[in-house]
1. Anything in the range 17-39 that is farther than 20 Å from residue 245 by Cα, crowded, with 18+ Cβ neighbours inside 10 Å and free of Cβ contacts under 8 Å to residues at least 60 places away in the same chain? List them, or say none.
2. Restricting attention to helices (runs of 4 or more DSSP H) lying wholly within the range 191-241, give those where 3 or more residues are at pLDDT 65 or above.
3. Criterion first (in a helix (DSSP H, G or I) and closer than 16 Å to residue 191 by Cα) does residue 157 satisfy it?
4. Could you name every one of the helices (runs of 4 or more DSSP H) located completely within the range 70-139 that has at least 3 residues being open to solvent by 10 Å² or more (accessible area, probe 1.4 Å)?
5. Please state which of the following conditions residue 189 fails to meet, knowing it meets all the rest: (1) polar (S, T, N, Q); (2) in contact with a strand residue (DSSP E or B) (Cβ under 8 Å, 6 or more places away or on another chain); (3) at positive phi.
6. Out of 47, 57, I need the residue that is surrounded by fewer than 20 Cβ atoms within 10 Å (Cβ to Cβ), closer than 21 Å to residue 276 by Cβ and within 20 Å of the chain's Cα centre (by Cα). Which one?
7. Would the range 171-182 turn up any residue that is of a type in the set (Val, Ile, Thr), within 23 Å of residue 39 (Cβ to Cβ) and surrounded by fewer than 19 Cβ atoms within 10 Å (Cβ to Cβ)?
Amino acid sequence: MRKIWIGVTGWGDHDTLYEPGTPSQKKLTSYASHFPIVELDAAFYAIQPARNYEKWIKETPENFSFVVKAYNKMTGHHREKMTSEEVRELFTAYRESLQPLIEANKLYAVLFQFPPWFDVRKEHVQKIRWIRKRLHDLPLAIEFRNQSWFSEPYKEQTLSLLQEGNWIHSICDEPQAGEGSVPTVLEPTNKEKTIIRMHGRNAHGWNKNGREDWREVRFLYNYNEEELLQWQEWINGLLKRTESVAMLFNNNSGGHAADNAKQMMGLMGVSYSGLNPRQMDLFDTGES
């Protein structure tokens, strides 16, 4: 397994990666010529049919991986009241939908990103344990959006909870903008995998969820070299305690994610073999 996987969230909106006029249905194939991993956001909005996963598997090389977001009804974003039976059926359907990725060995992790109101309390701790038990055979990652989990009375207990369930810690780089943000906690909780999600540091735009253009504002940020060099140092430290790190850039409101990811690859000194061929390389025989 690669030690450091660098990519971005989604593959549709990264214009610097694609030739002008590239149709949306061709973008994943092109994306996979640049990066070895991607975060799959579509699964957050709906349980994906097997045919979609089968298509995405075919469009990506053998050693490509996906971080798949958990469906929003599983994380509580919808705040819908469901019976215990409905919840079990939901988790079963989601688990079955992932089977093509599992069989293709292309599932890096299922990411449970909980909403800002998912704070540290007994019933939420119980929910985390229930999810881990229900999906016991899957690599599960967790990302909090409420700072109470890492407040001084609870930080060590939170990390112990994640270690106990072998959860992959999704470490956040994001602005410190009140209760709905979490600090960067450089603690791996799974010996095999750790995830880093780079949300940008736009403190002014972070809490603008009520605005119509909140998505355009929230993740509007371009990391500078000094900030990325700090992450280079932190990643090297993390790799002493976890076998692999997946770093995903989510700061794409202004189109910066892919460029920052390429910049980070350069700073880490990594290049990836076995990716899809670039369009310009299709007829390259390799002879000089």
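1. 18, 27, 28
2. Details: elements: 203-206, 214-218, 225-238.
Passing ranges, in order: 225-238.
3. Details: in a helix (DSSP H, G or I): yes; closer than 16 Å to residue 191 by Cα: no.
No.
4. Values: elements: 72-75, 84-97, 99-103, 122-134.
Hits in the range 70-139: 84-97, 99-103, 122-134.
5. Unmet condition: (3).
6. Numbers: 47 fails: closer than 21 Å to residue 276 by Cβ.
Only one candidate qualifies: 57.
7. Of the residues in the range 171-182, the ones of a type in the set (Val, Ile, Thr) are 171, 182.
Of the ones still in play, those that are also within 23 Å of residue 39 (Cβ to Cβ) are 171, 182.
Narrowing further to those that are surrounded by fewer than 19 Cβ atoms within 10 Å (Cβ to Cβ): none.
Looking for residues that are of a type in the set (Val, Ile, Thr), within 23 Å of residue 39 (Cβ to Cβ) and surrounded by fewer than 19 Cβ atoms within 10 Å (Cβ to Cβ), one finds none in the range 171-182, hence no.
The values are calculated or read from the model by the stated rules, or taken from the named source; none is laboratory data. Everything numeric here is computed off the predicted structure, so don't read it as measured data. Glycine gets a Cβ as well: all are built from the backbone with ideal geometry, and neighbour counts include every protein chain shown. Ligands, DNA and RNA are excluded from the accessible area calculation, which covers all protein heavy atoms including side chains. Shrake-Rupley method; radii C 1.70, N 1.55, O 1.52, S 1.80 Å.
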